[in-house]
Each structure stands twice: as structure tokens, then as C-alpha cells.
Amino acid sequence: MPTLGSAMKITLNVNGEARSLDVDPRVALLDALRTHLDLTGSKKGCDHGQCGACTVLVNGRRINSCLTLAVMHEGDEITTIEGLGEPGSLSPLQKSFVKHDGYQCGYCTPGQIMSAKGMIAEFNMGWPSNVTDDLGTAPDFTEAEIKERMSGNLCRCSAYPGICHAIREAAPDEGTIEEAAE
Amino acid sequence: MTEHLKMDKVQPRLLDETGQGVISTPMPRPEGPLKVSGRATYAAEWKAENMAQGFMVRAGIPKGSYKIDADSVKDMPGFLGVYSDHMVRNSAQGTMNTNPVQLEHEIQYLGQPIAVVVAETFEQARHIAESLKVDYTRDDDVAGDFDAVTDWKEGSSQDQGDLDDAIAKAAFAVDSTYTTPPHNSAAMEPHAALASWDGDKVTVRASLQMLGYNRNEIADSLGIDAANVRLLSPYVGGGFGSKLGIDPASVSAAVASRHLGRPVRVVLHRNNVFEMINLRTQTRQRVRLAADSNGKMTAVGHENWQTNLPDEPFAEPVDTATHFLYGGENRRYGQYTAVLNRSASGSVRAPGEAVGMLALENAVDELAEVAGIDPVEFRLRNIPDTHPENGNAYSSRSLAQCLEEGAEKFGWSQRKSPKERREGEWFIGMGVASAARTNILMESKARVTLNPDGTALVETDMTDIGTGTYAILGQIAAEMLGLPTDKVTVELGDTDLPTASGSGGSWGASSSGSSVFLGAKAIRAKIADRLGCSPEELRLQDGVATGGNNRRPLTELLEGPISEEGHIEPGDQDVAQAGFGAHFAEVAVNSVTGEVRVRRMLASMAAGRILNAKTAQSQVWGGQIWGIGSALTEEIQHDRRTGHIVNNDLAEYHVPVNLDVPDLQVHFVDERDDYANPIQSKGIGELGLSGAGAAVTNAIYNACGVRVYDYPATPDKIFPHL
Ligand code: FES
Ligand code: FES
């Protein structure tokens, strides 16, 4: 057992790059990204798994990065908002959020976009949700499905209408889980 | 040079004459690509060399005194210090301009900031803060229960005519009491600060709404000169009133940094945000209304009861809109306050209207019902000709159009009586409410620079808290200077720049927008001069100046940059000035469980010139959704014994989530307010919330015949009465 406050050496694969770091085992994945790797695009809204602002993809699946420790992710493929695109070469979802004003202050936005990315992948795999009527067939990409699956991402600016419009329009241009993990 | 205007008289509508055609358009936010790619940098995301990390320590008792036992933690790894000097009790009130209450080792509510622990890393600081021994001396005389208060202090009151007599003689009357719970702003970005000192000067990267005031507040809290404080808030992750005044993070970071001689970052934990940052007060409201046999109102009474901590210079202006929205000769207002050992009360989005309009618009609905008049028609009949108390004219007021056009677009004529419309196990109903929000102009300055290469720069310490400031100020400058919007850069959120109004009270866009307008207007005068025409003749479009018989590109006309400062100040005008609107809602109420689902909403809004149709729509969406929250789910719950907040996180305090929000429509009624400011615009962000929740609860009544008087309208308050 490492002693309290002593560092552990780990390597994370973040946005396709191997990043080595020494972290206190108490460091959440979110804090490793924000503080140790200077990837501050992932936001901390609650540090409790209650708001979704910290959503990233781990091996293609969306998770709340505040609820998991960095040392648990040795070797995992982590995708953050910085990995989706940057000004001048934004991803379809990112562009669509700008076009439809799917934000106001922008603080929940990286989490919304990463969550939307992960959600689209879940759809592609035919995962049902709480509002899916028939569990036997693949769900339709309806407004209610989007809203239900995006309800773990709070937006106090209340940009939900813009968020839904943005996701709907970008969805056809967003890839499958295999492509998302590239 | 400074172009100064005191808004004493009506100004020409220059923005209707200019030719660039970018003002009012739904231009996407220029900072959008930074936000969607995670490159916009908020307060907690800056670093400084040799930076230490702080974590707040909260009071574990509701009342008493405390001593910090620093020895209990000094050997823990990473420990740098624990400080409790200059500690602010809670965040400063909006436009306070001085320090908030600072207590010496005294506790007045559970969760109050009592110290800051600083360590090398965040994890160490958090662990030390949680391990720190605090010696408390308890005072058991705790007042935590709103309902148990008996010693209400009478605050402001106003009487006109004879309310009791008018009600006794009226054909129709309503006397209803409503209660609203405390609300939390719950901006998604927790308050944070990074402070560093250079000699006597401190720079604080913080998350604040009104930097001009905040600089004075920080200086006063630290006992230093405001000239030695620089604040930076280029991106603010939502405010909603919670960042109007300085917060414990910014003061603690500065104090700790001064002690340690190294930069310190302090980020409030979400629980701290709920407890240490001012909440909207709980209210009790009694509304008495009366009308004659034609449905004309003859009496309006609105009294409210609310609480705060000792020595807080703020009371929720609950009855603000009640004063001018509807007619009736006999009027009475009263405010009663009391002190409780609970987190401080302060401004939360639309202070006053957010809860006052819930009660007023529910009571109007009740009065229309007893008078047997359609609620839209009832409101139309009671729009007064002039301000019902002082007789002033309204600067602009499109309330009737908002109600009429909104009703038309919403399909109001399809509305039925309670329990008449049913789909499966759901009752369906519609509700309406008026919206009103006083419009305010505040002093504001901005510098506008036009460069010879045909680009322009706008600089002001104004903030963009999500409200669209970057977009709007760029559009105003581009429109005035005849430039494409991508040629204009907007720099915000730095107290080294000219002092703006700040973001609050829905005055930000109009006030700071007016200062940019004035700066650009002064530049136009110089260009006209160089072109040899009058400013009235000058046309500027796509970087080309036309006037007299001349036509020349700006790149040729300018030898160097032209820089002008715009300065707007409010003036004296005898008009009643407010934004107006109407909210419509359709809800489904489950006949078995009492659950309410909002099915659709429409907001019909008039707020003068709309400066950006996209960001204005988003502001109204925000208001509608906050309306849904206040109607159905949002409620801070205090323990009656200790006054502490039981639901101090985002899992238990229920802000609306995506699935709670149906299709929302926003309709703007075209309007100009010539008295408001030189750009004829009025605030929209709080107007969109005013009345929105009442439309939802009025729809609940129309669906199932149950009136909820105790907000929020959770199923337990509905199904027993179905
Ligand atoms: S910060 Fe992780 S869910 Fe809120
Ligand atoms: S954009 Fe501000 S919280 Fe979502």
C-alpha cells in the first residue's frame, strides 16, 4: 500500500497520446485531466456524479470522470472534449452546438457533447432506455429518447432546446463506437 | 476622447438607419468554438507557478463561536497553513461595493465558511480540511424555522385608497396566501479564485458578474486600496445572481496567498456553493384582489414575509411588478422580515418577480375564474392607461400584443374547463400568466478602437455569464462601424479595461451595449469629418465609408487607429419602464399519481430592440425552464431545528433536467423603447422567468381543478385533491 499522499506512476492514453504521470492515488480521473494534464475542457460541476459536466469517454463509453480514480485507468483509452476537435476543425457535434446555441455559459457544454457522443454510440448498439417502449427492437432516435439519455447532464443555463436541436442535426454525421475510440 | 450621454431624453434610432445589417440577427456566439472545444478557460482552470491549493472549512454548528486547532493537522502531508482572518460570512449582495459581513470567530449558520486550509495539492487540502479539529462553543438559541417566526419586523409598506372597503364592496374578490421555498442559483461552475500578489497588488482570477463593484468589495474585505486589485473573469460558468458579489473563495484565496507569499487557488465544493452563497429567501405572500362586475380590478394588495441573516442589506423586492402591471385604485403593500440562522438571502435570477409573480399571477387567475372571464381577456381588461400609483406614462408596453399574439400562436381557444380534457389517465390543461420586469440602465463604459486595417476592438470589464455579451457587443460595434462581425474582437472581464455595468438585473446588454454604441458613434463622427460629410450623411458598410459625394474604404481613410470611449449614465425621466410579456403552458396531470408533465410552453415577449435573436431566445428558454423548476421541483429544504440546508447538492436540489423540458416556443413582439437607452433595448433574461412558473401552475388548475398554494407543485400536493 502506498502511504498517504505518495505518488503512483501511471500511463493514460488520452486523445490518442500516451501520457505518463505521478499521481496521488486519491486523484480523480477528472482532476488528473484538469490539474495534471492541463486538459481543462472537462469540467467539475459537483465532484459527486450528479451533474455530468465531467463526462469523458473511456474505451468509447461515457462516464463521469469525477467518480473514478485516475489510477484505475492504466492503459485505458480516454477521449476528452479536446480530442474531438478544436476551433477551425470542430467535430459535427461541436459545430452543431455553436449553430443551435446549445449552450449559454458553456460550462456544462463539454460534458454535454461528450455525453451526446457516448449516447449516439449506445444507440448504435441498440441499447434501450427508460422511455423505450419495446425492448425487443432497436430504439428510434426520438426526441424523448434523446432527452431521457441526456438527462444526466444538467444545464442550469437551460439550453436544453438548443442541445436537442444540435444533437439531432449532428447525429447522422457522428460515427459508431469504433470510430469514436479511434 | 469620451462620448458621454446621460439618458435624460429620447434618442434617435440610429441603429435603424445603419446599413451593415448585423444588429438583431441570430449570429452565433463568436466565443462558441472555444466553448465547445473546451478551450474557454474558467476561473479554476488557470495555474500559476508555485501555486498552492485551498479548501474551505465549513461550520459544523448553526450558532456559536469556534477556535481552529491548527496543530491538529500541521504534520499532515502537504500542509501549508490554515487561515481564518478576514473570513466573509457569505457572498456580497449585488452592487454592494463594500465588504460583506466579516465575523471574528462567530458562527451564525451551519455551513458558514470559518477557515481555509492550504496545501500543496487539492487532495491534501481536502483531506486536511476534513481532518481539522475545530473547538466549538455552541449557542443553543437557534432560529431555523420560518414557520415558527413570531417577531416579524415591518419593513416598507404602501397604502393607496382603502383596500378593505374596496374588497367588501367588490363584485368579485380573492384573498389567497402562497408560500414559495428558497431557491438556489446552482450555476454549473462553482465559485473559484486564483489569487497572486505582487508587492501590494493582488490579481484575482475569479468567477464574478460585476467586476467594477467586485474590485471594491475585495479591496474593502482585505483592507487595501481598490487600485491595488485586478480582477479577471473572461468566462463565467453561469451566475444567476450568485456571482453578483464577491464570494468566500475569492477573499480566502487572496488572504491565504498574502500569508504564504505564493499563489493560492480556492474552489468551492458544490456543498459550499449551496451553503455559503446567497439563496433566494423563502416567502409567504398574501395577495388580495377585487374586481367590479365588469371584471375591472378595483383593489390590489400584496404583502410578503421573508428572512435573512442579521445585517444583510437585501430584501427580496417581491411586489415590484405588482405596482405597475394591473390597474385598481385601492392598493396595499407590506413587507415583513425576520432573522434566521440560515444561509443568507440574496439575489437569484429575477429577484422579486421570480416569486412575486407566481403569487400575483395565480391570484389573477383565481379572480378571473370567480368573475367567469377568460384569463387572457381578464388581463387585457386590466391593463392600466398610466402607472396606477404615480400616473406616469409607460415608456413602451406591448403587453396586450404579447397576450393576443401569444394566445393566437399557442391555440388558446382550445382551452377547456378543469377535468374536461383527458387523455388516458392524464388530465390536460392550459395556463397563462403575464410577464413584467422593471428595466434599468446603469452607468457603463467601453473603449472602441477602429484600426486602419478595417478591424475593430471593443474593450470593457463587462462580463459574459452566458448571456451573449461577446456576441452582442461585437454586433453593435460592427453595425455602427459598418464592418462584418468577424472583423470585430471583443475583450471582456478585466478590471484594467473601462468599467462596465456588470451583468445583473438584466441591465448588462443594454447598459454595456449603449457604451459601445457611444464609443462607435464618436468614431463615426471622426470618419465623417475625414470624409467631409456630416455624421447624419455618413453611411458605413463592409469597410467602406460613403457620405457627401465621397466614397472611400476605411483602409484608405485612416492613418492610424481611432480609439474612443463610450460612457452611458442613467438620467431622470418620468416614465414607467419595464419589459412585458405573456407565458402560456400546457400540462398533463396524472389522475392517479398527481404527477405533472409540462407538454409545451410559449413565451411571447416584448423587450425593446432584440440585439441578437439567437441569444435572446436562449435567455427566454432559460426563463421558461427556470419557471418549470420553480413551479414543479425546486425547493431548498431547511432543517427546522438547526436551519441547515438538508439538500445541499445537485442530486437533492432538483433543477430541471432535459426530459423535464418540452418543446418551447419563443415569440418576440417587435418593439423599440426610446426612453430606455440610445439602442432602444430592454432586458430579457429575467423577463423570461417572470410569470413562467405561474403559467404552469395555472395550467395545473385548468387540467385537474387543483390549486397549489405551497410551491413547488409536487404530486403529494395534488393527488389528495383529485
Ligand atoms: S463533476 Fe462529475 S458529475 Fe458533476
Ligand atoms: S451552458 Fe451554462 S450550464 Fe449549460
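Okay, here's what the table says:
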{"read-out": "Fraction of alpha-carbon pairs over 17 Å apart in segment B:259-312 - percent", "value": "68 percent"}
{"read-out": "Per residue, in Å², the accessible surface of chain B once ligands and nucleic acids are set aside, probe 1.4 Å", "value": "33 Å²"}
{"read-out": "Averaged over B:189-202, number of beta-carbon atoms from partner chains that fall within 10 Å", "value": "1"}
{"read-out": "Nearest-0.05 FRET efficiency for residue B:224 and residue B:377, computed from C-beta distance (R0 45 Å)", "value": "0.15"}
{"read-out": "Residue-by-residue Karplus 3J(HN,Hα) for segment B:8-16, coefficients 6.51, -1.76, 1.60, Hz, glycine and proline x", "value": "8, 9, 4, 10, x, 8, 4, 5, 8"}
{"read-out": "Cα centroid separation - segment B:519-587 against segment B:7-80, whole Å", "value": "31 Å"}
{"read-out": "Over segment B:372-516, relative contact order from alpha-carbon pairs under 8 Å, at least 6 apart, %", "value": "22 percent"}
{"read-out": "Normalised contact order of chain A, rounded percent, pairs of Cα under 8 Å and 6 or more residues apart", "value": "23 percent"}
{"read-out": "Other-chain or far-sequence residues with amide H under 5 Å of residue B:302's (modelled H)", "value": "B:288, B:332, B:333, B:334"}
{"read-out": "Kirkwood-type radius of segment A:92-181, with distances r between different C-alpha atoms, in Å", "value": "13.2 Å"}
{"read-out": "Charge sum, other residues only, whose C-beta stays under 10 Å from residue B:207's C-beta, Lys/Arg counted +1 and Asp/Glu -1", "value": "0"}
{"read-out": "Under-5 Å amide H pairs with residue B:2, H placed in peptide plane, nonlocal only", "value": "B:565"}
{"read-out": "Average beta-carbon neighbours from other chains, 10 Å sphere, peptide B:462-471", "value": "2"}
{"read-out": "Proximal charge balance of residue B:78 [Cβ under 12 Å; K/R count +1, D/E count -1]", "value": "-1"}
{"read-out": "Built amide H within the under 5 Å cut-off of residue A:14, gap 5+", "value": "A:19, A:78"}
{"read-out": "Radius 11 Å from Cβ of residue B:166, net charge of other residues (Lys, Arg +1; Asp, Glu -1)", "value": "-1"}
{"read-out": "Whole-number percent relative contact order across chain B, with pairs defined as alpha carbons under 8 Å at least 6 apart", "value": "19 percent"}
{"read-out": "Kyte-Doolittle mean at least 1.0 and Cα axial length at least 15 Å: DSSP H helices in chain B", "value": "B:469-481"}
{"read-out": "Within 10 Å of each Cβ in B:662-673, the average number of Cβ atoms from other chains", "value": "1"}
{"read-out": "Cα-based Rg of chain B normalised by 2.2 N^0.38 Å, two decimals", "value": "0.99"}
{"read-out": "Segment A:92-181, accessible surface, carbon-and-sulfur percent (1.4 angstrom probe)", "value": "51 percent"}
{"read-out": "Value of [θ]222 nm, deg cm²/dmol, for chain A, DSSP H segments ≥ 4, -39500 (n - 2.57) each, nearest 500", "value": "-7500 deg cm²/dmol"}
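The values are calculated or read from the model by the stated rules, or taken from the named source; none is laboratory data. Small disclaimer: the values here were computed from a predicted structure and weren't measured. Note: ideal-geometry Cβ built from the backbone for every residue, glycine included; neighbour counts use all protein chains shown. The area values use the complete protein model at the heavy-atom level, side chains included, leaving out ligands, DNA and RNA. Shrake-Rupley method; radii C 1.70, N 1.55, O 1.52, S 1.80 Å.
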